[in-house]
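Enquirer: Below you'll find the structure I mean.
The values are calculated or read from the model by the stated rules, or taken from the named source; none is laboratory data. Since the structure is predicted, the reported quantities are computational estimates derived from the model, not experimental observations. Here the Cβ positions follow ideal geometry from the backbone for every residue, glycine too, while neighbour counts run over all protein chains shown.
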Amino acid sequence: MNNKKAFTLVELLGVLIILGVIAIVAFPSLLTSYKKSAEKEYERFLKDMELITESYLNDNLETIKLTEPGDSVFIDLAELVDGGYLSKKKINPKTKEEVQLNTSMIVTLLNDYTKKYEYTGKVSGIYNYVSNDLKVLYDGYQKLKTVDNKIILTDFMGNVEGELINGSQSSWDTNKIKLGGVNNYISLVKASDFIKPESEATIEIVYQLVNNSDEILLRSSGLGLNHFNLYKDGIIRSTVRNIENNADITPTAARINLTELNLVHTLAVTITKNGDGFDFNFYGDGRPLATDPKTGLKIGNDIFKIGIDNELDVSSPVYIYGYRIYDKVLSSNDIEQNYQIDMNRFDWRK
């Protein structure tokens with residue numbers, strides 16, 4: 001005779017309640033343990049990336065210059081893969097996916113001459129910019145150098161050397177050029193040797209306004225722009241010359257917060273041929289701004305300048321993080337792509 005007794009419904013419910021209580025009590029602890037394990041795994045990943053990058057740097061000391069405190073360099077993961085230092089199958093524990101080869105390690109030389117390694121996890125190398133017809137590329141992570149008492153900027157494309165006019169050694173500070181005071185600007189002499197006055201072009205500038213002056217201006221001339229100014233209220237003005245009567249024409253564009261203080265912004269200007277004249281189109285932070293069309297190109301400029309307006313008594317500092325000049329008109333998609341890379345390079349820690 002079978003005397004086995006089955007659990008009653010009340011007993012089963014009691015067991016389920018007990019198990020539920022145990023789960024409720026244990027789950028936060030398990031979740032915390034899982035998070036800590038994931039964090040440690042990502043820390044190990046970052047340490048591995050640091051050691052791999054350090055090995056790469058040690059083997060390429062002649063070509064990668066980290067000589068003075070403040071010097072920084074971006075190293076795309078593709079460079080580490082091509083050199084045999086990193087497997088492209090390496091998994092990023094945070095994303096659970098293979099590492100993206102167009103993301104970068106950034107290495108900075110600190111004041112005590114030790115190196116700081118950071119993984120951006122974003123597309124941020126200078127060679128990720130749109131590259132076709134790119135003629136001038138200045139990047140703020142490359143420190144200025146002094147030659148014969150002149151502060152020189154190095155163009156990564158090798159087409160031209162820039163000079164900081166009226167600047168001083170203190171005008172470069174942590175990956176940016178500080179332009180302050182009257183008639184303080186960047187000059188690229190003989191820019192027309194590689195960007196002809198009759199050609200189409202795109203100018204992109206990465207900048208930051210850094211104080212509360214009522215009127216903060218950024219000056220540019222050359223390539224048909226006599227100057228354009230950035231104001232605190234978001235107005236951009238560009239004055240160019242009418243090619244028939246040499247009169248000033250001032251197209252205007254506005255967008256709220258384009259010049260919001262203490263944030264990095266981008267300004268792009270495209271110059272397009274339109275019959276005997278040229279159209280200027282403006283993009284703020286990667287987005288198109290409304291402008292007046294049919295402005296003329298001032299012929300004969302061979303110097304491209306970026307900086308503080310020399311006609312006004314303006315002492316407000318403007319930081320220039322980088323600029324690019326193309327010998328073509330970039331598409332809206334190209335300008336948006338470059339803007340995203342700029343934000344990853346110069347604003348990604350925020």
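Enquirer: Taking into account only those residues within segment 58-86 that are of a type in the set (D, E, K, R) and touching a residue at least 12 places away in the same chain (Cβ under 8 Å), which is nearest to residue 142 (Cα to Cα)?
Expert: Applying the filter and picking the extreme gives 71.
Enquirer: Of everything in segment 77-103, what is closer than 30 Å to residue 172 by Cα and touching a Leu at 6+ places or on another chain (Cβ under 7 Å)? Give them in sequence order.
Expert: If the condition is that a residue be closer than 30 Å to residue 172 by Cα and touching a Leu at 6+ places or on another chain (Cβ under 7 Å), then 77, 78, 80, 103 are the ones that fit.
Enquirer: Turning to a different aspect of this structure: Residues that are surrounded by fewer than 19 Cβ atoms within 10 Å (Cβ to Cβ) and either at pLDDT below 85 or not polar (S, T, N, Q) (or both): which strands (runs of 3 or more DSSP E) entirely in segment 284-347 hold 2 or more of them?
Expert: 287-289
Enquirer: Would you pick out the residues in segment 181-208 that are under 18 Å from residue 219 (Cα atoms) and at pLDDT below 75?
Expert: 181, 182, 183
Enquirer: Condition first: charged (D, E, K, R), without any contact (Cβ under 8 Å) to a residue 12 or more places away in the chain and under 16 Å from residue 116 (Cβ atoms). Now tell me which residues in segment 34-57 satisfy that.
Expert: 43, 47
Enquirer: Within segment 74-85, how many residues turn out to be assigned to a helix (DSSP H, G or I) and loosely packed, with under 13 Cβ neighbours inside 10 Å? Outline the logic, then answer.
Expert: Step one: of segment 74-85, the residues assigned to a helix (DSSP H, G or I) are 77-82.
Applying the additional criterion that residues be loosely packed, with under 13 Cβ neighbours inside 10 Å yields 82.
Residues in segment 74-85 being assigned to a helix (DSSP H, G or I) and loosely packed, with under 13 Cβ neighbours inside 10 Å: 1 in total.
Enquirer: Looking at (1) touching a residue at least 40 places away in the same chain (Cβ under 8 Å); (2) assigned by TED's automatic domain parsing to the domain that holds residue 341, which one does residue 151 not meet, given that it meets all the others?
Expert: Residue 151 satisfies every listed condition except (1).
Enquirer: Being surrounded by 13 or more Cβ atoms within 10 Å (Cβ to Cβ), out of contact with any strand residue (DSSP E or B) (no Cβ under 7 Å at 6 or more places or on another chain) and not in a helix (DSSP H, G or I) is true for just one of 122, 65, 88, 94. Which residue is that? Show your work before the answer.
Expert: Details: 122 fails: out of contact with any strand residue (DSSP E or B) (no Cβ under 7 Å at 6 or more places or on another chain); 65 fails: surrounded by 13 or more Cβ atoms within 10 Å (Cβ to Cβ); 88 fails: out of contact with any strand residue (DSSP E or B) (no Cβ under 7 Å at 6 or more places or on another chain).
Among 122, 65, 88, 94, only 94 is surrounded by 13 or more Cβ atoms within 10 Å (Cβ to Cβ), out of contact with any strand residue (DSSP E or B) (no Cβ under 7 Å at 6 or more places or on another chain) and not in a helix (DSSP H, G or I).
Enquirer: Going by the conditions given, is residue 96 more than 21 Å from residue 337 (Cα to Cα) and over 23 Å from the mean Cα position of the chain (by Cα)?
Expert: yes
Enquirer: Another question about this same structure. Filter segment 125-144 for residues that are more than 14 Å from residue 344 (Cβ to Cβ) and of a type in the set (S, T, N, Q); which is surrounded by the fewest Cβ atoms within 10 Å (Cβ to Cβ)?
Expert: 132
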